[in-house]
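Remarks on the structure that follows.
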Amino acid sequence: MTLRLVVLISGKGSNLGAIAEAIDAGRCDAKIALVVSDRPDAAGLDIARSRGIETQTLPFEKGIDREAYSAALADLVAQGAPDLVVLAGFMRIVGKSFIHRFSGRMINIHPSLLPAFRGPDGVGDALEAGVKITGCTVHLVDEGVDTGRILAQAAVPVLPDDDRASLHARIQRAEHQLLPEVIHAIANAKMRLDGGLLSRVTIDEDACIIVPRFES
Ligand code: GRF
């Protein structure tokens, strides 16, 4: 089944681009119906526009009630009639009304191996802690911050000379493989959202990226 996606972004949108490229290459059985951003200046909006994907923005005005914003955001997302809502670098914590409306069909990509380093700086917090392996996680979104059911993870090494930027770049290479693969696995019922199925693990020799793969 081709999954209809609504993708939420706040920034550069490299994960959005990776999903779009995987779709074009036939590696991800999905269609991006709509891209929504809370930031009108998000560079990822240009990625969407250049591909002819519909975009909408809903800036968060100072002083606005979070639940009111979440309800308006939910209405906007619902316009895209999503099978799956993908938070791909969406940096705003959404309220309960939003989460309940898309409960069980909303995923997020987070730049750490959850449950370690939840929150807004998963990369910096991992560096600070001195871990030697970190990575990225695709998880269902629930009411907590990065607490939903873990669907898939990819691991990357932390190298001795890493700074935040170099480590994040390595994690993002893993994200760009993992997120489209998970969407594809959901589309083809290789993964159930009520419990991730991981069928195979491969190791990318260049970067030591460990990425779960799902039988096609
Ligand atoms: C990613 O590293 C993701 O894990 C985090 O935000 C970042 C978004 O990057 N939630 P991009 O906008 O997709 O390039």
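The values are calculated or read from the model by the stated rules, or taken from the named source; none is laboratory data. As the structure is a prediction and not an experimental result, all values here were calculated from the model. So basically every Cβ, Gly included, is an ideal-geometry build from the backbone, and we count neighbours across all protein chains shown. Heads up: the accessible areas ignore ligands, DNA and RNA and are worked out on the full protein's heavy atoms, side chains in. Shrake-Rupley method; radii C 1.70, N 1.55, O 1.52, S 1.80 Å.
When all protein chains stay in place and ligands, DNA and RNA are ignored, the 1.4 Å accessible-area order of 54, 128, 181, largest first, is 128, 54, 181. Spread over its residues, the convex hull of the C-alpha atoms of the chain is 120 Å³ per residue.
In the chain, helical runs assigned H by DSSP with n ≥ 4 each contribute -39500 (n - 2.57); averaged across all residues and rounded to the nearest 500, the mean residue ellipticity at 222 nm is -10000 deg cm²/dmol.
Using the per-residue mean of other Cβ atoms lying within 10 Å as a proxy for protection, in what order, highest first, do the peptides 56-69, 143-156 fall? Kindly include the intermediate steps, with their values, before the conclusion.
Details: 56-69: 12.1, 143-156: 18.4.
My ranking of the peptides, most packed first, is 143-156, 56-69.
What the Cα atoms of region 1-103 give is an Rg and a Dmax of 13.2, 44 Å. With a Cα cut-off of under 23 Å and a minimum spacing of 8 residues unless on different chains, the lysine pairs in the chain number 4.
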